[in-house]
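Below is one structure, written out as C-alpha cells, with a few remarks after it.
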Amino acid sequence: MANPSISNIHIPRWNELPNLDLYLDQLVTILEKNLKEFIGNKEETIITKTMINNYVKQGLIKPPRKKKYNRLHIATLFVICILKQIYSINDINELIMLAIKTAKFNSAYDQFCEALEKAILYTFNRN
C-alpha cells in the first residue's frame, strides 16, 4: 500500500516559487516545508543556513544579492536538497550544468520536478 503523503508529493514548479527575494530564514522555511516528505527521520533537517552558505562558497549557487535569495536560488536549492540524498555535491553541480546546457533553467527545473514526481508515484504505487 502506498504512503498517502508520498503519493501526493508536489515540488513547486518555477511559476509557483516566490517571485520576490527572500532572506535566509525565509528560504530555509520554504525548503523545509516543501521537502519534509523527503526526510526519513522527522528529527532531521534537510537544509540549514550553514549548508546554504557552504553551497555559496562552493559555487553551487550564486551569492545572494543584498542578503536576499531569488527564484533561481530557491529552485537550485530544491534540486540540491533532493539530489544530495543520492549524489555527491560535485555530481549535483555537474548535473545542473548539464541540464542548463540543454534547456533554460526554468524549463530544466520544471522537467526535473515532473520526472521526480512521476518516479515517486511509480515507485510507491506499483502493485
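Just a few scattered comments:
- Of all residues in region 50-96, none satisfies the criterion of being in contact with a Phe, Trp or Tyr (Cβ under 6 Å, 6 or more places away or on another chain) and among the polar types (S, T, N, Q).
- Looking across region 99-127, the residues that are outside any helix (DSSP H, G or I) and at pLDDT below 85 come down to 126, 127.
- All positions within region 59-86 that are exposed (fewer than 14 other Cβ atoms within 10 Å of the Cβ) and under 19 Å from residue 45 (Cα atoms): 85, 86
- The criterion of at least 3 residues that are more than 16 Å from the chain's Cα centre (by Cα) and modelled with pLDDT under 85 is met by the following helices (runs of 4 or more DSSP H) wholly inside region 1-78: 4-7.
- Any hit, region 87-96, residues being surrounded by fewer than 16 Cβ atoms within 10 Å (Cβ to Cβ) and not in a helix (DSSP H, G or I): yes
The values are calculated or read from the model by the stated rules, or taken from the named source; none is laboratory data. No experiment lies behind these values; they were computed from the predicted model shown. Cβ sites come from the backbone with ideal geometry, for glycine too, and all protein chains shown count toward neighbours.
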